[in-house]
Protein chains: 2
Amino acid sequence: MHRVKVRVVEDALDANTTIAAANRADFDRAGVTVVNLMSAPGAGKTSVLERVLGDLGDVRVGVLEGDVQGSLDADRLASLHVPVVQLNTDGGFGGECHLDANMVRSALPALPLDELDLLIVENVGNLVCPAEFRIGEDARVMVSSVAEGEDKPLKYPLMFRACELVLLNKIDLLPHVDFDVEHFLAHLDAVHPGVEHMAMSARTGEGLAAFRDWLVALGTREEVPA
Amino acid sequence: MHRVKVRVVEDALDANTTIAAANRADFDRAGVTVVNLMSAPGAGKTSVLERVLGDLGDVRVGVLEGDVQGSLDADRLASLHVPVVQLNTDGGFGGECHLDANMVRSALPALPLDELDLLIVENVGNLVCPAEFRIGEDARVMVSSVAEGEDKPLKYPLMFRACELVLLNKIDLLPHVDFDVEHFLAHLDAVHPGVEHMAMSARTGEGLAAFRDWLVALGTREEVPA
């Protein structure tokens, strides 16, 4: 009998890593670029998506909407006429505070991957655990609102360190809150030097074009990096 | 040999419940009433405490400050000259997104319980998991900010259902955000009928007297219910 010695590496013990890689292979086969969108509750993930998803040119986009319960955000996005699949973490997953690779995998059959260029996964609102669970995404984007305070990069460093792009939302509130953008950016630079960031207001529309352009560039690139 | 048959009940298997009860017994022996203060990141837990803890009359108050990392909030509260103990969840606990009974228990030796009437435990900023872990508290209070949106009770029902008091903070921002207080209260009533609530602004001071009175009443009551 031919015997194969399998070396067990630490990562292979991590079921999430294994399943994230399987998701990733499926996304690559379908040619879909995947964005994991994260934030605290109420930072404005859905509001930002409402503003940009209807205007991505030739990029065919879909959304996987993660919530503990309900479909309020999915209902809001449905009016944009993009495919939206709701994933609730309170059934069978024990009210989880984050999406993991297996939850995302359970939703893949409901997604028309072959008809998409870009998939946005809106994670559960939480600044801790979502940063610890890869789901097979190409890029991680987080939204931080000026109403949350300029200290957030220092208090939740893993989240700010885990993402490739930081969106500073609700800048229309700057005249009404104690938030110094320069302080925030200095804190951000302390935990994630050089990370790309954009300031915006989903309420007024200010600054959203840059994020829309960023998504279009991501959705139209030829090569999806492994 | 005398044999005792121990009936294993489901709750006894839950280590958190067991340890929460042990904490509770210690708090009762010391005559300390304990408040578990919860919210999303940036809702204003620390700002509210800064406004009220220096002005509780004869009530001797201490704070257990829970954060994933750092001591920013504890440093802010130290200027109030109340005992503050920092508890970080990133060391030995794996970067937990909530406090649990065992973490709180690990901090008890650092707290001068016999010199306190009231202990405020400021939980990690998160609207999901903190609601699932009792820590031996008498009351659970949550803070929701108008900047987070009026839909939050529907999206995080367990948190809004788990608490005895809801503080609606940052009402000074009401003229600048799309937030209808009546809608919020209707959503709150849908998930937790009749729950006590107070509107306030830690920034302007509006509405804080009611919460201060609530804390004083809690800290001066003769009997601590089991």
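Some observations on this one:
- Label-zone membership for segment B:136-165, site residue B:206, 7 angstrom Cα→C-beta point, backbone N under 18 Å: B:144-150
- Shielding by partners, peptide A:145-151 (average Cβ within 10 angstrom, other chains): 6
- 5 angstrom amide H check on residue B:39, placed H, neighbours 5+ away: B:126, B:143
- Computed FRET value (nearest 0.05) for residue B:78 with residue A:60, which takes r as the C-beta separation and R₀ as 60 Å: 0.65
- Closest approach of a chain B beta carbon to the axis mapping chain B onto chain A (residue, whole Å): B:147, 2.
- In this assembly of identical copies, the label point of residue A:76 (Cα plus 7 Å along Cα-to-Cβ) is separated from its counterparts by 2.5 nm, sorted shortest first.
- Residue-averaged beta-carbon neighbours from other chains (10 angstrom radius) around A:59-70: 2
- Comparing A:210, B:201, B:72 along the charge dipole axis of the protein assembly as shown, the residue lying farthest to the positive side is B:72, per the Cβ-charge model.
- In the assembly of identical copies, residue A:183 has its label point, taken 7 Å from Cα in the direction of the beta carbon, separated from the corresponding points by 3.1 nm (ascending, one decimal).
- ³J(HN,Hα), Karplus 6.51/-1.76/1.60, whole Hz, each residue of segment B:33-40, x for Gly, Pro: 8, 10, 10, 9, 9, 10, 5, 6
- The 3J(HN,Hα) values that the Karplus relation (6.51, -1.76, 1.60; θ = phi - 60°) gives for segment A:133-142 are, in residue order, 10, 5, 10, x, 7, 8, 9, 10, 10, 10 Hz. Gly and Pro appear as x.
- Taking the label point 7 Å along Cα→Cβ, residue B:206 and its counterparts in the other copies are spaced 2.3 nm apart, in ascending order.
- Net charge of the neighbourhood of residue A:199, taken over other residues with C-beta under 10 Å away and scored Lys/Arg +1, Asp/Glu -1, is 0.
- Residue-wise HN-Hα couplings along segment B:178-193, as the Karplus relation 6.51 cos²θ - 1.76 cosθ + 1.60 with θ = phi - 60° gives them from phi, are 8, 9, 9, 4, 5, 5, 4, 5, 5, 5, 4, 5, 5, 9, 8, x Hz; Gly and Pro carry x.
- Once C-alpha pairs closer than 8 Å and six or more residues apart are averaged by separation and normalised to the residue number of chain A, the relative contact order reads 26 percent.
- Average beta-carbon neighbours from other chains, 10 Å sphere, peptide A:72-81: 1
Each reported figure results from applying straightforward, stated rules to the coordinates on display, with no laboratory input. Fair warning: this is a prediction, and the values are worked out from it, not measured in the lab. Note that each Cβ is placed from the backbone with ideal geometry, even for glycine, and that neighbours are counted across all protein chains shown.
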